[in-house]
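First up is the structure itself, then whatever we jot down about it.
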Ligand code: OOG
Ligand code: MG
């Protein structure tokens, strides 16, 4: 696929996001679209947003838990880029009208205190580079019709990234086994799903190891200060007006938001 076509498809997805209008999957027109081309479109999409004045805040990993792999029928972990306009502080309103058909998922996130540069990064190195841990909820909003896509499509669409609701961060990880912590998703006071941190690739640090090594293949790295989402711990749940949504990460903290029109 040539660079003009890649840029055109990035604009197609950016317009879908800006117009809050779902679009036909790219693979309906280009069934041969490779994972690599998916990432190239993602990169062009991020470059477009940077040109429009937005800043990169970090990365998200996706498809890191069985719950998500089964729900979306995709088996490989994927990454996307988080931009400043996606951030929402806990306690605030999410406007449904700003998005297409958003879903929410609970995640464990980190803020890195040092650069993490692969290849050959280990979990020990990632541990040493983590500055803060925080509870987050990711709002995913596929730009594709009916929230259905192939792996190549979702890579192009920046892995459905739309919003990130962040809770209070706590310093470091000393004495906390993140794999053993309970993570809940509550909507209107009801627990709709629950899992342990181990649901994401055995330990939330492992998606970061994988991310650093995937970025290294492209000559890129995780810069100090980045926010890293390690992937949905449970399945994602559709949002509706009036919902009050809370995630609790045992020993780390809670984060909430509510949904308006
Ligand atoms: C793709 C994004 C996956 C996660 O945490 O697994 C993701 C999607 O499900 O639309 O963010
Ligand atoms: Mg996610």
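Points worth noting:
- Over all pairs of different C-alpha atoms in region 59-123, the reciprocal of the mean inverse distance, the Kirkwood hydrodynamic radius, equals 14.9 Å.
- Taken along the Cα-to-beta-carbon direction at a fixed 7 Å, the label points for residue 146 and residue 19 span 2.1 nm.
- Simple label model, 7 Å out from Cα along Cβ direction - residue 127 to residue 170, nm: 1.7 nm
- Residue exposure sequence - 5, 60, 218 - by fewest surrounding Cβ within 10 Å: 218, 5, 60
- Sequence of 39, 12 once ranked by neighbouring C-beta atoms within 10 Å, starting from the fewest: 12, 39
- Choice from 201, 178, 96 with maximal GNM fluctuation in the chain (Cα, 10 Å cutoff): 96
- Taken over the Cα atoms of the chain, the convex hull encloses 114 Å³ per residue.
- Rounded Å value of the spacing that divides the Cα centres of region 174-197 and region 33-91: 23 Å
- Shape of region 1-118, Cα gyration tensor, a/c cut at 1.5: rounded
- Sequence-separation-based contact order of the chain, relative, with Cα cut under 8 Å and 6+ spacing, percent: 28 percent
- Packing-based order for 79-91, 20-32, using average beta carbon neighbours within 10 Å, highest first: 79-91, 20-32
- When the alpha-carbon atoms of region 47-184 are used, the pair Rg, Dmax equals 15.7, 44 angstrom.
- For region 157-198, the relative contact order works out to 30 percent when only alpha carbon pairs closer than 8 Å and six or more residues apart are counted.
- Between region 199-261 and region 108-133, the Cα center-to-center distance that results, in Å: 15 Å
- The chain - mean residue ellipticity at 222 nm from DSSP helices (-39,500 (n - 2.57) per run, n ≥ 4, rounded to 500): -8000 deg cm²/dmol
- Ordered by the number of other Cβ atoms lying within 10 Å of each residue's own Cβ, fewest first, 72, 151, 1 fall into the sequence 1, 151, 72.
- For region 194-261, the relative contact order is 26 percent, taking Cα pairs closer than 8 Å that sit 6 or more residues apart in sequence and dividing their mean separation by the residue count.
Bear in mind these aren't lab numbers, they're just calculated from the coordinates by the rules spelled out. Just so we're clear, the structure is a prediction, and the values are computed from it rather than from any experiment. As a convention, Cβ positions derive from the backbone with ideal geometry for all residues, glycine included, and neighbour counts pool all protein chains shown.
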